[in-house]
Amino acid sequence: MTAVIITGTDTDIGKTVFAAGLTHALQAQYWKPVQAGLSGETDSRTVARLSGSPTLPEAYRLILPASPHLAAEAEGIEIDPTHLIPPQTTGTLVIEAAGGLMVPLNRRTLFLDVIAGWQAPVILCARTALGTINHSLLSLAALRQAGCTMLGIAFIGPTNPAVERTICDFGTVAHLGCLPHLPSLTPATLAEAFATHVDTASIRKGIAL
């Protein structure tokens with residue numbers, strides 16, 4: 001099994017849509033270990049709908065849409081990081097982390113700690129909006145300090161070449177493309193946008209190393 005981890009500089013930046021596009025492009029399976037928030041369509045269901053690919057059951061499904069540690073505490077439980085072992089699959093597994101890197105899973109463990117333990121290449125998703133330089137460089141520094149292997153950074157939103165170049169230069173990280181917001185988000189429009197705007201070839205090569 002090969003795996004790639006999708007994480008982000010923040011929550012709600014579009015990394016689930018990116019994960020869906022990547023899952024389809026790689027003909028992979030998808031796993032989100034912790035789902036916090038069950039009202040409406042979960043991230044696994046979104047990925048299944050947009051990618052047409054299999055998704056694996058979450059290790060934790062928490063009702064409250066909040067930081068995982070708070071969502072778990074609201075149900076009187078604690079997330080056990082030893083339960084967050086990537087499932088063995090044939091082919092490639094796309095793993096989507098919850099929220100940003102420094103999101104707590106419990107009162108002692110950050111999601112970054114678990115990501116580092118998985119020892120799989122990481123793609124950082126970032127906005128192109130104001131503030132993204134600071135958030136992206138801090139996230140890249142945290143990933144490297146934790147010993148993670150950086151596959152690259154993928155931007156989501158209207159392209160901003162000057163900002164994107166600044167982040168890649170200062171962060172010494174590969175630019176994997178900029179996925180635009182899609183007015184009509186369907187499996188077909190996402191697949192077309194992903195093929196056009198994302199460097200899937202570099203991602204395939206990085207996963208295979």
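Antiparallel beta bridges, as assigned by DSSP with both residues in the range 102-208, represent about 20 percent of the total such bridges. Between the residues I153, V47, G14, the greatest Cα displacement towards the positive end of the dipole of the chain, with unit charges on the Cβ of Lys, Arg, Asp and Glu, is found for I153. Measuring r between the beta carbons of L70 and R45 and using R0 = 22 Å, the FRET efficiency lands at 0.45. If the segment from T186 to A208 were pulled out straight at 0.36 nm per residue, it would be longer than the present Cα-Cα gap by 5.0 nm.
Across the accessible surface of the chain, with the other protein chains kept in place and a 1.4 Å probe, carbon and sulfur atoms take up 56 percent.
Computed from point charges on the beta carbon alone (+1 for Lys and Arg, -1 for Asp and Glu), the dipole magnitude for the range 42-148 about its Cα centre is near 300 Debye. Note that the chain presents 46 Å² accessible area per residue, ligands and nucleic acids not counted, probe 1.4 Å. Contact order, relative form, for the chain: 24 percent (alpha carbon pairs under 8 Å, 6 or more residues apart, mean separation divided by residue count). Here is what passes the span test in the chain: the DSSP H helices with alpha carbon length of 18 Å or more along the helix axis and a Kyte-Doolittle mean of -0.5 or above are 132-145.
Using the Kirkwood radius built from alpha carbon pairs, what does the Stokes-Einstein equation give as D for the range 1-151 at 4 °C and 1.567 mPa s, in µm² per second?
84
Restricting the count to DSSP beta bridges whose residues both fall in the chain, what percent are antiparallel, rounded to a multiple of 5?
Among the beta bridges of the chain, antiparallel pairing accounts for roughly 5 percent.
Can you compute the FRET efficiency between A129 and R108 using 1/(1 + (r/R0)^6), with r the Cβ-Cβ distance and R0 = 35 Å? Round to the nearest 0.05. Approximately 0.60, to the nearest 0.05.
The values are calculated or read from the model by the stated rules, or taken from the named source; none is laboratory data. If you're wondering where the values come from, they're calculated on a predicted model, not measured in any experiment. With ideal geometry, Cβ positions are generated from the backbone for all residues, glycine too; neighbour counts draw on all protein chains shown. All accessible areas refer to the heavy atoms of the entire protein, side chains included, with ligands and DNA or RNA removed. Shrake-Rupley method; radii C 1.70, N 1.55, O 1.52, S 1.80 Å.
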